[in-house]
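The values are calculated or read from the model by the stated rules, or taken from the named source; none is laboratory data. Here the structure is a predicted model, which means the values were calculated and not measured. Glycine gets a Cβ as well: all are built from the backbone with ideal geometry, and neighbour counts include every protein chain shown.
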Ligand code: ADP
Ligand code: MG
Ligand code: ZN
């Protein structure tokens, strides 16, 4: 296969049926085909999968893709197969015979793409087996899961540090939609990337409007906001399982088509509720942060945070689920200083001191975001190390002058420092 300047348009059309690359995709494909490590930060919906799936098809051997969720792997494999790519996954949802069959097809070079769960890399026999197979590259999807500084740390991901030893000489590619400078360095170090081709796409989501509103006590405020969105699809995030249940019940009683989602529900109920939302059988899903990763619903028109998110990263990630079809969508954060001591209470209960400090630090940044009178978009982008080029974004509560604003950063931070 050519890693030079030959046109990739033809394989792009042949494999995926797309007539052109999205921004940054071609550069990443070329870097990988040239044998270079890659570190790519692209927002959700930016088209990260294609960046490794195309080289996976064009290069000899199978590409290994580490992915954090069984449901994500299945969706990716189904999607790849629909494009005629020889893809499979290996995780605990398969029984022994099925796993053996997948491994046999890997050994006999019948795969372009193999999705694996991160915990496989902790298994000696799996690592030994890999060393005897032809592997074209190793891809770490959702790479922020390797960092304690990210919003979705998975201890299992730490086993991926062994990849350069197990599979020497092949390119390693890390993809994520979230990375502060700190998380980025942490990922590159833990994965031991060698002089990677680094790509950071813009995180601006121009079709999203950001609003922070003073949170009122009682249910009236949420109900009146949701009435503005009647018949449209959206997510209401709450912190605790109990408040998710209560809010969902309250909304149902008032005639909204709403369902709850949190990790305390049974597997079946969780799946059913998620499906009902994705198929537009209900309008509103009331959820904890357990909802969202790997969910590809394009027509989410609003995301409401009825409680404080735990970090700017999680706020960006959760609001990022709105408007993936490129149409306008709104993100509303309901903020009251009265919420600060509640979150503080949980943080203070943390027994791991460094973890507690990180949680406090993250919360403090969220509070600054919510209490400031600066453009919300600029603040979000600043957080990711990106400078927003305009003075007025024309799509946040501050720039639109939606309400009178007083900067209460100092007061709010005081509440955090007691
Ligand atoms: P990410 O993983 O970055 O969130 P995906 O890889 O899931 O994004 O891609 C998002 C959507 O964009 C998918 O439906 C995918 O088919 C589509 N897509 C990706 N690249 C292209 C392209 N070059 N042209 C058209 N559609 C694309
Ligand atoms: Mg993805
Ligand atoms: Zn603005």
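Odds and ends about this structure:
- Yes/no for residue 147 being within 30 Å of residue 389 (Cα to Cα) and crowded, with 24+ Cβ neighbours inside 10 Å: yes
- Filtered by the rule that a residue be within 28 Å of the chain's Cα centre (by Cα) and within 18 Å of residue 167 (Cβ to Cβ), the stretch 57-87 gives 59, 62, 63, 64, 65, 66, 67.
- Exclusive hit being closer than 30 Å to residue 49 by Cα and more than 18 Å from the chain's Cα centre (by Cα), set 283, 348: 283
- The residues in the stretch 275-295 that are touching a strand residue (DSSP E or B) at 6+ places or on another chain (Cβ under 8 Å), at pLDDT below 95 and surrounded by 15 or more Cβ atoms within 10 Å (Cβ to Cβ) can be counted, and the count is 3.
- Conditions (1) assigned to a loop (DSSP other than H, G, I, E, B); (2) surrounded by 18 or more Cβ atoms within 10 Å (Cβ to Cβ); (3) in contact with a strand residue (DSSP E or B) (Cβ under 9 Å, 6 or more places away or on another chain); number of the one not met by residue 331: (1)
- Among the residues examined, residue 401 qualifies as over 28 Å from residue 153 (Cβ atoms) and either touching a residue at least 40 places away in the same chain (Cβ under 8 Å) or within 16 Å of ligand 3 (Cβ to nearest atom) (or both).
- In summary, residue 206 fulfils each of the numbered conditions (1) more than 16 Å from ligand 1 (Cβ to nearest atom); (2) modelled with pLDDT of 95 or more; (3) more than 28 Å from residue 343 (Cα to Cα) with the single exception of condition (2).
- Scanning the stretch 49-76 for residues that are in a loop (DSSP other than H, G, I, E, B) and surrounded by fewer than 20 Cβ atoms within 10 Å (Cβ to Cβ) returns 60, 61, 69.
- Counting only strands (runs of 3 or more DSSP E) wholly contained in the stretch 204-280, the ones carrying 1 or more residues that are touching a helix residue (DSSP H, G or I) at 6+ places or on another chain (Cβ under 9 Å) and in contact (Cβ under 8 Å) with a residue 60 or more places away in the chain occupy 208-214, 233-237.
- Filtering 79, 46, 84 for residues that are more than 14 Å from ligand 2 (Cβ to nearest atom) and not in a strand (DSSP E or B) leaves a single hit, 84.
- Number of the condition not met by residue 138 [criteria: (1) touching a strand residue (DSSP E or B) at 6+ places or on another chain (Cβ under 9 Å); (2) within 20 Å of residue 381 (Cβ to Cβ)]: (2)
- Helices (runs of 4 or more DSSP H) (entirely within the stretch 348-408) containing at least 2 residues that are surrounded by fewer than 17 Cβ atoms within 10 Å (Cβ to Cβ): 353-371
- Residue under evaluation residue 38, criteria (1) away from ligand 2 (no atom under 13 Å from the Cβ); (2) at pLDDT below 95, criterion not met: (2)
- Considering the conditions (1) buried (at least 20 other Cβ atoms within 10 Å of the Cβ); (2) under 30 Å from residue 385 (Cβ atoms), residue 162 is excluded by exactly one of them, (1).
- Selection count, the stretch 42-79, where residues are in contact with a helix residue (DSSP H, G or I) (Cβ under 8 Å, 6 or more places away or on another chain) and either within 10 Å of ligand 1 (Cβ to nearest atom) or under 17 Å from residue 93 (Cβ atoms) (or both): 15
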